Amino acid sequence: MAEHPAYPVGLRLSGRRVVVLGGGQVAQRRLPALIAAGARITLVSPAATPSVEAMADAGEITWERRPYEEGDLTDAWYALIATSDHEANTTASAEAERTRVWCVRSDDADAATAWTPATGHSEGVTVAVLATDARGRDPRHTAAIRDAVVEGLRDGTLVAPHHRTRTPGVALVGGGPGDPDLITVRGRRLLAEADVVIADRLGPRDLLAELPPHVEVIDAAKIPYGRYMAQEAINKALIEHAEKGRSVVRLKGGDPFVFGRGMEEVQALAEAGIPCTVVPGISSSISVPGAAGIPVTHRGVAHEFTVVSGHVAPDDERSLVDWPSLAKLTGTLVILMGVDKIGKIAETLVAHGKSPDTPVALVQEGTTAAQRRVDATLATVAETARAEDVKPPAVIVVGEVVAVGPRTAPTPSE
């Protein structure tokens, strides 16, 4: 006779008694989800793994340090049977059957009254995969299906747009340093759900090709009104599209709040009454040196790193950087937007005490297929940058950490 499939259901266990028999690896894997569900958990086991013991010490579960005894499942709504004693598991399973307690049994799924699906979570949705018959009850297969669905929902490759709960507004998304795989999971998902994307030149451009045809993509670099009015024009475009009820993503390179004028856009949206979500991004100040094999800190070499903008020269009255103080620091100096000013910057650092032999690395187009690294010192960096024709975008690293790593840098992701 054909086996009937299991009936899938979501158990609401908040405040309800759950009994877990056995404190080993199975319990260690399953307990966090039961705790998150708000269950009132009693663990019955003579011993437990350090992680399970920590849950008991933190008051997340009640631990009775003894073997299973008949009657332990009284008043339970759900039980997880996972001891190393097959006979105790069989007895407990029989008790669950008699007392009508749904129970999962780790050593013999066919003797249990319930099965645990392979589960994952993405933005308020639980994905649960359960085999429909004994032949298909392969935990690795169901876990692989679970992983594929959850990953697709998280990175936007499996698009499931919100309808009832979707709220028009703006998401300010940090796109990372350039490699499209380095955008955050949340950023990629919001990008996949957008109606309008206003993108910076330095954002992960490859992701734009993956957007559905109905999505309007606006190049922020080409918004009119000239360079001086560009930010005001971007703010205006964000507000106009959001006021039309559209879901707008402002896709920026790196992190929105690291020399990205992100707060200016947040302030403009707040003044217009437009809801705004900020999604942090991986800053090029850390990721690009790392991709080129340079740690911004290293034990015994640098205990701090400082990130500064080099878009104006040290002798420019608009500069807000205290270059003389930076010259006295012993840690790492990371300079963004400073390629065309590196000569003046190097001169100033040396003039205020930095050794002219201090190593310098210029990393152009970091994390992309076009990435290249050019090494120099403070004494030679200006001439080296000209001779090697280093062009923006490039991250400049000054400090002894430049010489720490192997000569062959990690290969950037393809």
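The values are calculated or read from the model by the stated rules, or taken from the named source; none is laboratory data. For clarity, every value in this text was computed on a predicted model and none was experimentally measured. Neighbour counts are summed over all protein chains in view; Cβ atoms, including those assigned to glycine, are modelled from backbone coordinates with ideal geometry. These area figures cover heavy atoms from the full protein model, side chains too; ligands, DNA and RNA do not enter into them. Shrake-Rupley method; radii C 1.70, N 1.55, O 1.52, S 1.80 Å.
Just so you know, in segment 15-32 the residues that are open to solvent by less than 10 Å² (accessible area, probe 1.4 Å) and in contact with a Lys or Arg (Cβ under 8 Å, 6 or more places away or on another chain) include one that is farthest from Thr90 (Cα to Cα), and it is Val18.
Right, Ile218: assigned to a helix (DSSP H, G or I), open to solvent by less than 70 Å² (accessible area, probe 1.4 Å), at pLDDT 70 or above and among the aliphatic types (A, V, I, L, M) or not? It would help to see each step written out before you state the result.
On the way: assigned to a helix (DSSP H, G or I): no; open to solvent by less than 70 Å² (accessible area, probe 1.4 Å): yes; at pLDDT 70 or above: yes; among the aliphatic types (A, V, I, L, M): yes.
Against the criterion (assigned to a helix (DSSP H, G or I), open to solvent by less than 70 Å² (accessible area, probe 1.4 Å), at pLDDT 70 or above and among the aliphatic types (A, V, I, L, M)), Ile218 does not qualify.
Only residues that are in a loop (DSSP other than H, G, I, E, B), of a type in the set (Val, Ile, Thr) and either within 30 Å of Gly175 (Cβ to Cβ) or at pLDDT below 95 (or both): list them for segment 370-401, please.
We begin by selecting, within segment 370-401, every residue in a loop (DSSP other than H, G, I, E, B); these are 370-371, 378-380, 388-393, 399.
This time we only want the ones that are of a type in the set (Val, Ile, Thr), so: 380, 390.
Hit for segment 370-401 is Val390, nothing else.
If you filter segment 181-199 down to residues that are open to solvent by 30 Å² or more (accessible area, probe 1.4 Å) and without any contact (Cβ under 8 Å) to a residue 60 or more places away in the chain, you find that the one that is nearest to Glu151 (Cα to Cα) is Val185. In segment 98-115, the residues that are closer than 15 Å to Tyr7 by Cβ reach residues that are among the basic types (Lys, Arg) with C-beta atoms within less than 7 angstrom, at least six apart or across chains, in these pairs: Ala112/Arg105.
I'd like to verify a number: residues in segment 42-69 that are small (Gly, Ala, Ser), without any contact (Cβ under 8 Å) to a residue 24 or more places away in the chain and within 28 Å of Ala94 (Cα to Cα), how many? Step through it out loud before you land on a result.
Here is the first cut: in segment 42-69, the ones small (Gly, Ala, Ser) are 45, 47-48, 51, 54, 56, 58-59.
Subsequent filtering for residues that are without any contact (Cβ under 8 Å) to a residue 24 or more places away in the chain retains 51, 54, 56, 58-59.
Keeping just the survivors that are within 28 Å of Ala94 (Cα to Cα) gives 56.
Of the residues in that region, 1 qualify.
Taken over segment 72-87, the criterion of being surrounded by 21 or more Cβ atoms within 10 Å (Cβ to Cβ) and of a type in the set (Val, Ile, Thr) is satisfied by Ile81, Thr83. Summed over segment 28-55, residues that are touching a Phe, Trp or Tyr at 6+ places or on another chain (Cβ under 6 Å) and over 24 Å from Arg12 (Cβ atoms) total 0. Annotation: Leu336 fulfils all but one of (1) under 26 Å from Ala382 (Cα atoms); (2) surrounded by fewer than 18 Cβ atoms within 10 Å (Cβ to Cβ); (3) in contact (Cβ under 8 Å) with a residue 60 or more places away in the chain; (4) of a type outside the set (Gly, Ala, Ser); the unmet one is (2). Do we find that Ala361 is touching a residue at least 40 places away in the same chain (Cβ under 8 Å) and under 31 Å from the mean Cα position of the chain (by Cα) in this structure? For Ala361, the condition - touching a residue at least 40 places away in the same chain (Cβ under 8 Å) and under 31 Å from the mean Cα position of the chain (by Cα) - is met.
For first residues located in segment 293-322 and polar (S, T, N, Q), partners that are in a loop (DSSP other than H, G, I, E, B) and buried (at least 17 other Cβ atoms within 10 Å of the Cβ) and lie 6+ apart or on another chain with Cβ distances below 6 Å form the pairs Ser309/Phe259; Ser309/Met337.
Considering only residues that are modelled with pLDDT of 90 or more, assigned to a loop (DSSP other than H, G, I, E, B) and open to solvent by less than 60 Å² (accessible area, probe 1.4 Å), which ones fall in segment 96-127? The one that is modelled with pLDDT of 90 or more, assigned to a loop (DSSP other than H, G, I, E, B) and open to solvent by less than 60 Å² (accessible area, probe 1.4 Å): Val101.
For segment 341-369, filtering for residues that are farther than 16 Å from Gly253 by Cβ and at pLDDT below 95 leaves 1. Is at least one residue of segment 272-289 more than 21 Å from Gly366 (Cα to Cα) and open to solvent by 80 Å² or more (accessible area, probe 1.4 Å)? Within segment 272-289 (the criterion being more than 21 Å from Gly366 (Cα to Cα) and open to solvent by 80 Å² or more (accessible area, probe 1.4 Å)), the answer is no, since none of the residues qualifies.
The helices (runs of 4 or more DSSP H) found wholly in segment 250-369 and carrying at least 1 residues that are under 16 Å from Gly178 (Cβ atoms) occupy 284-291.
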